[in-house]
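The values are calculated or read from the model by the stated rules, or taken from the named source; none is laboratory data. Note that the structure is a prediction, hence the values are computed from the model and not measured. Please note: Cβ atoms are built from the backbone with ideal geometry, for glycine as well, and neighbour counts cover all protein chains shown. Keep in mind that these areas ignore ligands, DNA and RNA; they rest on the heavy atoms of the full protein, side chains included. Shrake-Rupley method; radii C 1.70, N 1.55, O 1.52, S 1.80 Å.
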Amino acid sequence: MPAYAEGAPVPTNQAVLRRDIPWSTYMSARLLDDKNLQLIRKFDKKSDDVQDALLKEDGAAYVETFMAVLRNVTKEETVQYVLAHLDNIITADPERTKLFHPQRALTGGPDPYTLFLRLLQRNDWFTQSHASKLLARILNARPDKKAASSAPGSAVSAAEEGVQATQVAYVEWLCSQLRRPSHPTHSVPAVVGDLAVALQDPPMRLLYTRAGGVQLLAPILEGAATTGMAAPPNQQLLYDAGVATWELTFHEPAVKLMPPCGIPAGLVALVRGGVKEKVVRAGLLALKNLLGAAGLDLAPTLLDLGLHKLLALRSLQSWEDDDIPTLLSGLDEVLRDRIQVLSNFEMYKKEVMSGQLDWTPMHTSDQFWRENIGKFEEKDFQVLKLLLKLVDSSSDPRTLAVACHDLGCFIQHFPAGKGIVTSLHGKEAVLRLVGHQDGAVQKQALLASQKILLSRDKADFLANLDGGLAPSDDKYRQEPPFNLTAWNQYMHTGWHHGVQDGDAVERNGNFCKAQAFLPHAKRMQYPRVLHIRTGAVHEAQGQESAAFSMHMCDQNCWVCVQMLVRCGYLIPLFLALIVHSNI
């Protein structure tokens, strides 16, 4: 296969038709007869209006004359000249492809396919591309196409055998161009456009699937999602690729090959990145067929790809094509119906196994956890172990935050969930994240740690406290620190805890006024000491770095806890509870 340098120029039809062809010389060499020469002279170099009138008068005769030139003349300049004329003829009116068939139908003469198939083997891309374009359209317009309903390889007439042989060879050439293009920039766009025409014929879909062509479309579709390019993706190429894929969705064997090679992801990229409406429409049509394909449940995959969000976003746009809003709403309805049928836990399991978690509704829905908590036992807590692995090894802050949140939900809803997580070394992994540099990870790790280390009633209380981790309510703060010794004397408890007056209180600056605790202190009956630490959690080996000490009773202390939360000291308070619980 010839190689072309990057950016090698390819002449246009207009440039080729400016050439002067020595037609008389070909007649002298008996490559043309007098009738053909007269028709050529009558047609060549005339205005578009004159040529249109001549084609309406006797189009088949002019087409047959040009075909005779191609059969008899091999000179590259002349071949290109004739191909340019034929291309202009069918481009101006696609119905003129029927003009290539009458002579064969009447006289049984040579078919028009073999000639163009031979021209595909030429070395110049102009000849290859024009021969491919003509062949795809002439094959698709053949008069016996509907009658030839039998599949390739079955018992057919000799004429149809010849057509099938041409189809096989042509499909092989198309696939070879997609795998190893003859021209670095022109081959793929031209070939995909011809493929979109060829695949209108069902037997061509079978041949193309057998040739391994389905997989070749995925990279082209994914080009719609390419960003950061100097020029936007070729919209005509994306449209042709979308149409070709849509046509293949009517062929069941091709449909089954699409998910493994990434076609669904490519189609979603097509809908997302398509600039022209026809590109979006082609992608939506293909997705509609894939969602409705029998035996192929692509709804979970498409949901993971964010198609439902994309449909909602695209629905906000205004469209000139009336079919697009209908397709968008239809696909959205299908996805909504499938979501109701799908097992939410299967979607959750798939997300956990992907290693990337996000704040989707499943994670934050109490209903999801209530309805699916029992499924965590499947396969010896497989999903829970994967979740713990993410907590221990993931480097993505969002994944870490969601994983810690989910561990907390598991402990909250699963009987003996705390013990199971602890036995799987989840406590250590979560506690390590309490000091994570990302604030969201810190928060979720802290909340999960509360559920691991505290009893359920206390953990639930802390989870429902208002005020957050860093409140800005200044009415609970004051400048001067209170005297702990005086506070202990006021409590009249007789406890001795070795904390000096004001020890470490000034380290944190502002604290609550002692008066804020007085109403609760008066009601205390069974005071106990909580050592609230500001540093890391140490083993109880004399390494206490007490910030302050406070008497609180089992009955009323949680009201005081809420006061501390409003002062912004939830984290040190939680560490105190760890020590208090002797865990």
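Determine, yes or no, whether Trp319 is open to solvent by less than 60 Å² (accessible area, probe 1.4 Å) and touching a Cys at 6+ places or on another chain (Cβ under 8 Å). Taking the combined requirement at face value, the residue does not satisfy it.
Sub-8 Å Cβ pairs linking a first residue in the range 349-373 that is small (Gly, Ala, Ser) to a second residue that is in a helix (DSSP H, G or I) and buried (at least 18 other Cβ atoms within 10 Å of the Cβ), at least 6 apart or interchain, are Gly355/Leu390; Gly355/Thr399, ordered by first then second residue.
Looking only at residues of the range 142-166 that are more than 37 Å from the chain's Cα centre (by Cα) and open to solvent by less than 30 Å² (accessible area, probe 1.4 Å), we find that the one that is modelled with the lowest pLDDT is Ala148. Taking the range 304-347 as the range and being modelled with pLDDT of 90 or more, within 18 Å of the chain's Cα centre (by Cα) and acidic (Asp, Glu) as the test, only Asp332 passes. The one condition from (1) open to solvent by less than 50 Å² (accessible area, probe 1.4 Å); (2) modelled with pLDDT of 90 or more that His101 does not meet is (2).
Restricting attention to the range 123-146, the residues that are free of Cβ contacts under 8 Å to residues at least 40 places away in the same chain and of a type in the set (Val, Ile, Thr) total 0. Of everything in the range 14-51 that is among the basic types (Lys, Arg) and outside any helix (DSSP H, G or I), the residue that is farthest from the chain's Cα centre (by Cα) is Arg30. Residues in the range 235-254 that are open to solvent by less than 10 Å² (accessible area, probe 1.4 Å) and either within 19 Å of the chain's Cα centre (by Cα) or among the hydroxyl-bearing types (Ser, Thr, Tyr) (or both): Leu238, Ala241, Gly242, Thr245. Within the set Glu76, Glu64, the sole residue that is among the acidic types (Asp, Glu), in contact (Cβ under 8 Å) with a residue 24 or more places away in the chain and loosely packed, with under 15 Cβ neighbours inside 10 Å turns out to be Glu76. Selection of first residues in the range 33-45 that are under 18 Å from Arg19 (Cβ atoms) and of second residues that are assigned to a loop (DSSP other than H, G, I, E, B) and of a type in the set (A, V, I, L, M), restricted to Cβ pairs under 9 Å at least 6 apart or on distinct chains, gives the following pairs, ordered by first then second residue: Ile40/Ile21; Ile40/Leu32; Asp44/Leu17; Asp44/Ile21; Lys45/Leu17.
Is it the case, given these coordinates, that Leu83 is modelled with pLDDT of 95 or more, hydrophobic (A, V, I, L, M, F, W, C) and closer than 30 Å to Glu160 by Cα?
yes
Residues that are open to solvent by 70 Å² or more (accessible area, probe 1.4 Å) and either among the polar types (S, T, N, Q) or under 27 Å from the mean Cα position of the chain (by Cα) (or both) within the range 348-374 comprise Lys350, Met353, Ser354, Gln356, Trp359, Pro361, Thr364, Gln367, listed in sequence order. In the range 375-434, the qualifying residues are those that are aliphatic (A, V, I, L, M) and part of a loop (DSSP other than H, G, I, E, B), and the one that is farthest from the chain's Cα centre (by Cα) is Ala416.
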